[in-house]
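Worksheet: one structure, shown below.
Any read-out appearing in this document is the output of simple, stated calculations on the displayed coordinates, not a laboratory observation. Note that the coordinates shown come from a computational prediction; the quantities given were computed from them, not determined experimentally. When we count neighbours, we look across all protein chains shown, and the Cβ atoms used for this are built from the backbone with ideal geometry, even at glycine.
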Amino acid sequence: MILYLIPIISAFIGWFTNWIAIKMLFHPKEPKRVLGITFHGIFPKRQKQFAIKLGALVANELLHFDEIAARLKDTEKLKELNPVIEEHLDKFLRVRLAEKMPMISMFIGEKTIGQLKEGMMEEIEQLLPELINRYADSLGRQIDIERIVTEKVTNFSSDKMEQILMAIMSKEFRFVEILGGVLGFIIGIIQVLLTLI
């Protein structure tokens with residue numbers, strides 16, 4: 001009878017060892033010495049190296065500032081700003097100008113407002129791409145995506161890191177635990193068969 005418990009015990013051992021291994025990815029968060037052996041969770045221990053690698057990966061493979069700058073500089077996208085600029089100019093010429101320079105605004109009629117707005121819009125349409133280009137180039141020199149990602153990940157608490165990784169990989173971790181149980185059960189059956197033969 002005890003012989004037939006071997007697959008169940010083996011399944012439990014397989015599941016338990018995988019469960020412990022997954023827990024040891026994150027725990028203990030601080031190094032602990034037990035019987036002269038230091039235990040430290042893999043992710044807490046390697047968080048700095050993980051942050052450096054992730055920062056390099058994001059900056060080199062996933063998110064280039066050049067791509068962001070190209071979208072900022074896209075003239076077709078900039079044209080989408082025209083209605084907002086035109087509305088602002090219209091408000092300026094009709095309301096703000098009267099507040100700032102009441103004498104000048106008395107001599108400006110609808111036709112003049114229309115001409116001023118048209119002329120200003122032409123200038124802005126020519127100036128805006130140049131301004132955006134300069135701004136994007138300046139921003140590109142100031143923003144270091146690799147450094148930003150590395151610092152953010154390095155400064156995550158161990159709990160936050162565990163929460164993020166568990167949210168992403170909880171199904172995979174669960175599968176590894178179950179797989180350990182299944183393999184343990186199969187090994188237990190093989191042991192019983194070998195014993196009986």
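Which whole-number percent is the relative contact order of the chain (Cα, under 8 Å, 6+ apart)?
Rounded, it is 48 percent for the chain.
Test of the criteria: in the stretch 1-109, which GluC sites (Glu not before Pro) are in a DSSP loop and have at most 12 other Cβ atoms within 10 angstrom of their Cβ?
Those that pass, being in a loop and sparsely packed, are GLU80.
Determine the principal axes of the Cα atoms in the stretch 2-196, then give the extent along each, sorted from largest to smallest and rounded to whole angstroms.
Principal-axis extents of the Cα atoms in the stretch 2-196, largest first: 109, 35, 29 Å.
Taking amide H atoms as placed 1.01 Å from N in the peptide plane, list the residues 5 or more away in sequence, or in a different chain, whose amide H sits under 5 Å from that of PHE39.
Those qualifying (amide H under 5 Å, at least 5 residues apart or on another chain) are LYS32, ARG33, VAL34.
To the nearest 500 deg cm²/dmol, what mean residue ellipticity at 222 nm is calculated for the chain from DSSP H runs of n ≥ 4 alone, each contributing -39,500 (n - 2.57), summed and divided by the residues?
-25500 deg cm²/dmol
For the chain, with the dipole built from +1 on Lys and Arg beta-carbon atoms and -1 on Asp and Glu ones, taken about the Cα centre, which of ILE168, PHE50, ILE2 lies farthest toward the positive end?
ILE2
Order by neighbour count: SER158, SER10, fewest other Cβ atoms within 10 Å first, most last.
Ranked by crowding around the Cβ, least crowded first: SER158, SER10.
When the chain is fully extended, how far beyond the present Cα-Cα distance does LEU179 get from LEU193, taking 0.36 nm per residue of separation?
2.9 nm
For LEU89, LEU5, what ranking results if the residue with the fewest other Cβ atoms within 10 Å of its Cβ goes first?
By the 10 Å Cβ count, ascending: LEU5, LEU89.
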